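Contents: one structure, followed by commentary.
The values are calculated or read from the model by the stated rules, or taken from the named source; none is laboratory data. These numbers were taken from a predicted model, which means no experiment stands behind them. Here Cβ is always computed from backbone atoms with ideal geometry, including for glycine, and neighbour counts include all displayed protein chains. Just so you know, the surface numbers come from the protein's heavy atoms only, side chains and all, with ligands and any DNA or RNA stripped out. Shrake-Rupley method; radii C 1.70, N 1.55, O 1.52, S 1.80 Å.
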Amino acid sequence: MTAPLKILFATSECAPVVKTGGLGDVSAALPFALRELGLDVRVLLPGYPSVLAAAADAPEACTLEVLGFSIRLLDARLPSGVPLLVADCPKLYARGGGPYQADDGDDWDDNAVRFGVFSRLAAVLGSSASPLDWRPDVVHCNDWPTALAPVYMHFDSSPRAASLITIHNLAFQGQFEADRLSSLAVAPAALGMQGMEFYGRMSFLKGALVYADAINTVSPTYAREIQGQELGFGLDGVLRSRSDRLYGVLNGIDTALWNPLDDPHIPNHYGPLTLERKPANKRALRTRMGLNASDKPLAAMVSRLSHQKGIDLLASAADALIKLGVQVAVVGTGDRALMEQLQVAAARHPGDFAIVIAFDEALAHLIEAGADMFLMPSRFEPCGMNQMYSQRYGTPPIANATGGLFDTVFDDGNDATQTGFLMRTATPEALVTAVGRAVTAMKDPKGWRAIQLHGMAKDFGWDGPARKYREIYQKLVSDTTFAG
């Protein structure tokens, strides 16, 4: 009987113990789905206070010194039951604030060291020098905080695991001044222009893209887009040079957590056979957001309020959307200037445009269930999850045709497959046009119901993506070009 593949999943976030965005959700769901397929997956997390609290009774697996820091490795489990290795190092991780920033929003000054050490730990655990009896076949790294691990592993001549780096968002690259890496014992050969050097600085992520055994990102379209200048963020040449080792694997969603049939956050449950119950959630959402009672279509958004997400496009389009006869609801936090633009729009249209500046999980679920259409005018979107939540809730997305949005929202002129409405350019005018198409479609109840049902029938669960990751792992393990 073949032994199961062993995967060390190194990440800086994992819901529910620590999360700032989609990486936390993926790091919780994908390892669980992989274990359901029979793989032996263990998650590696820094010992932030919230992680240590969740692992309060965990035994110590070992203690080791990494780049001059003493690390207690705790043998814990996530609430899902997935094994969790916690890197307990108070000097680096036992602080307030978030994983990357202090309470004032500024990045920690020593982030290069904090995540350089964490990356080195992942590399050690994937090598013959590991103090653990359990040895992974693949070290699966995620974004820049773990991106030095493939660099360390590449220059390790001893037997080791294979390395995979997943790009969740190429815009975040872990760039630091060269002197910040002086204590990290990075091989000198990795520090030049053909390695980590990036316009006079050092990029953790570029190092991984150069030296990892394989690279993937979180949708097939985004994998193509980042090889072009517009969305390559200066790394498109590196990615093109490694296109034979670059994969696009679409993220999944937690279909148990996001299910209108039994969602505890919405007042009225419904499904494909009971869509007539959905409007009661719309009434509840209007009340919660302070919108006027009306029979107008309701377009809504839950988002990080940033330039990437096209928030300025929505603010610029606000007057035209209200003129179309649409109400708008927005929930999120982010860039102060963009928040103010939305608040100004809300002040111009009281009762028809509302914004809640907060991260509110329950309200996010009510938005998905109560809105008629969900707005995602992102300039770029590696994968996106809300467009998949929305389709599951019978709330057709209005989305820009980019990245994972293009891969998951179907609007090709075929009435038998349409699940939403795509913008072909990231402009206020394109957003208004797409919303106008949706408003027109709603005037045909039978046709609108068909669009809703097409989306609700889509399988956006994690089983399919997990199988694709298993294929990548198997290919890496069978590859003879590295020592593992």
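Table: residues versus (1) acidic (Asp, Glu); (2) within 25 Å of TYR389 (Cα to Cα); (3) assigned to a helix (DSSP H, G or I).
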| residue | (1), (2), (3) |
| --- | --- |
| GLY228 | no, no, no |
| VAL238 | no, no, yes |
| TYR247 | no, yes, no |
| LEU257 | no, yes, no |
| LEU261 | no, yes, no |
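Could you please find all residues in region 326-355 being open to solvent by 30 Å² or more (accessible area, probe 1.4 Å), closer than 24 Å to ALA434 by Cα and either touching a helix residue (DSSP H, G or I) at 6+ places or on another chain (Cβ under 7 Å) or not hydrophobic (A, V, I, L, M, F, W, C) (or both)? Listed by number, the residues that qualify are GLN341, GLN343, ARG348, HIS349, PRO350, ILE355.
Among residues of region 140-159 that are modelled with pLDDT under 95, those with a Cβ under 6 angstrom from a residue that is not hydroxyl-bearing (Ser, Thr, Tyr), sequence gap 6+ or separate chain, pair up as PRO159/ALA483.
If a residue counts only when it is surrounded by fewer than 20 Cβ atoms within 10 Å (Cβ to Cβ), in contact with a Phe, Trp or Tyr (Cβ under 7 Å, 6 or more places away or on another chain) and among the aromatic types (Phe, Trp, Tyr), which strands (runs of 3 or more DSSP E) contained entirely in region 157-219 have at least 3 such residues?
Details: elements: 162-167, 201-203, 214-217.
It comes to none.
Cβ separations smaller than 6 Å between residues 6+ apart or across chains give the following pairs from region 178-201 residues that are more than 13 Å from VAL151 (Cβ to Cβ) to residues that are open to solvent by less than 30 Å² (accessible area, probe 1.4 Å) and hydrophobic (A, V, I, L, M, F, W, C): ALA178/MET202; ARG180/ALA112. Of the residues making up region 223-270, those that are open to solvent by 50 Å² or more (accessible area, probe 1.4 Å), over 30 Å from ALA457 (Cβ atoms), over 22 Å from the mean Cα position of the chain (by Cα) and of a type in the set (D, E, K, R) are ARG240, ASP244.
Of the residues in region 381-392, not one is of a type in the set (A, V, I, L, M), open to solvent by 20 Å² or more (accessible area, probe 1.4 Å) and part of a helix (DSSP H, G or I). Going by what's in this entry, would LEU132 be described as hydrophobic (A, V, I, L, M, F, W, C) and within 23 Å of PRO4 (Cα to Cα)? Against the criterion (hydrophobic (A, V, I, L, M, F, W, C) and within 23 Å of PRO4 (Cα to Cα)), LEU132 qualifies.
Screening the candidates ALA3, ALA53, ALA61, ALA29 for the property of being crowded, with 19+ Cβ neighbours inside 10 Å and either of a type in the set (A, V, I, L, M, F, W, C) or in a loop (DSSP other than H, G, I, E, B) (or both) yields one hit, ALA29. Within region 300-319, the only residue that satisfies the criterion of being in contact with an Asp or Glu (Cβ under 7 Å, 6 or more places away or on another chain) and either under 13 Å from ALA371 (Cβ atoms) or of a type in the set (Gly, Ala, Ser) (or both) is SER306.
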